[in-house]
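Each reported figure results from applying straightforward, stated rules to the coordinates on display, with no laboratory input. Every value quoted in this text rests on a predicted model; they were computed, and no experiment measured them. Here the Cβ positions follow ideal geometry from the backbone for every residue, glycine too, while neighbour counts run over all protein chains shown.
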Amino acid sequence: MDTSQIRKYSTILTIAGSDSSAGAGIQADIKTAAAFGVHASTAISSITAQNTCGIIAISDVDPYMLQKQIEAIVTDEKPLAVKTGMLPSPQAVEVVANAIRRFNLVNIVVDPVLISSSGTPMSDKMEDTIKTMKTALFPLATLVTPNIPEAITLSGLSKSDILNNPLLLPDRLNCPGILLKGGHSDTDCDDILIAEKETTTFTSKRIGSRNTHGTGCVLSSAIASCLALGLTLREAVKHAKNFVTRAIEEGKNLHFGNGHGPLFLLDKYNSMQ
Ligand code: PXL
């Protein structure tokens, strides 16, 4: 075998919940990473039984087993970036924060999933989970990606305060890098990146589609994938947002299930290629 031909995979680790409908969660993360030519290893925090109409049941993975999944991956091949999604308990958040510190994990993108798109809380102990996120996990993150309702809950600020002064968010959330997602705004879907005390707005027009389940998961894992490929944070957000916008556009006329279907992900829509 000619070893000079051997290159390393670009890898991310996604620590998130399983979505049986495969529009969101771990399944969306794997597909997104693949579209960027990146390998996604996985640590599953919770198993959800759900379809496009909503969540039917949730069974959280034991925090010990969550820890072991992370350890199994990072002690074998250290990921170039990490994405976290559904973390269903304060213990799960602590396991992730401890692993990031212990194994010096870098390029951490935290999607602070609090409530599913269909309205189900993603933790039984929401208040403690949020507190632990803010004290233990967010300070280790490169980027936290709240939508507007999540930013309101996490910061204690009003919607107008946040939109008028997004620079308030890093202190309130204990993280220098924030991507405030505009999908829940009243008008367009502009996302605001707050990094190094500056804001950069990434604009996009609202696309009418029922198939938006998992949009936040796709965006955060696309950002992690771009960071794994060596892009700067700003470039990563730009490419990830373009990827999501095209995936929503491409999926808007497709039918899957009776509720909110998935985005349509294909690597040919990856603007980096
Ligand atoms: O889109 C947020 C999200 C994340 N992770 C899992 C989900 C959902 C939304 O339903 O089910 C597992």
Of the conditions (1) crowded, with 24+ Cβ neighbours inside 10 Å; (2) within 15 Å of the ligand (Cβ to nearest atom), the single one that residue 212 does not satisfy is (1)
When only residues in the range 1-28 that are more than 9 Å from the ligand (Cβ to nearest atom) and under 15 Å from the mean Cα position of the chain (by Cα) count, which is surrounded by the most Cβ atoms within 10 Å (Cβ to Cβ)? 14
Subset of the range 186-209 (residues that are farther than 25 Å from residue 165 by Cβ and within 16 Å of the ligand (Cβ to nearest atom)): 209
Matching residues, the range 103-155, being more than 27 Å from residue 234 (Cβ to Cβ) and not hydroxyl-bearing (Ser, Thr, Tyr): 115, 119, 121, 122, 124, 125, 126, 127, 128, 130, 131
Can you tell me which residue is nearest to the ligand (Cβ to nearest atom) among those in the range 52-106 that are of a type in the set (D, E, K, R) and part of a loop (DSSP other than H, G, I, E, B)? 62
Restricting attention to the range 1-25, which residues are of a type in the set (Val, Ile, Thr) and closer than 13 Å to residue 219 by Cα? 14
So residue 42, is it free of Cβ contacts under 8 Å to residues at least 40 places away in the same chain and within 15 Å of the ligand (Cβ to nearest atom): yes
Can you go through 169, 193 and tell me which one is within 15 Å of the chain's Cα centre (by Cα) and touching a residue at least 24 places away in the same chain (Cβ under 8 Å)? 193
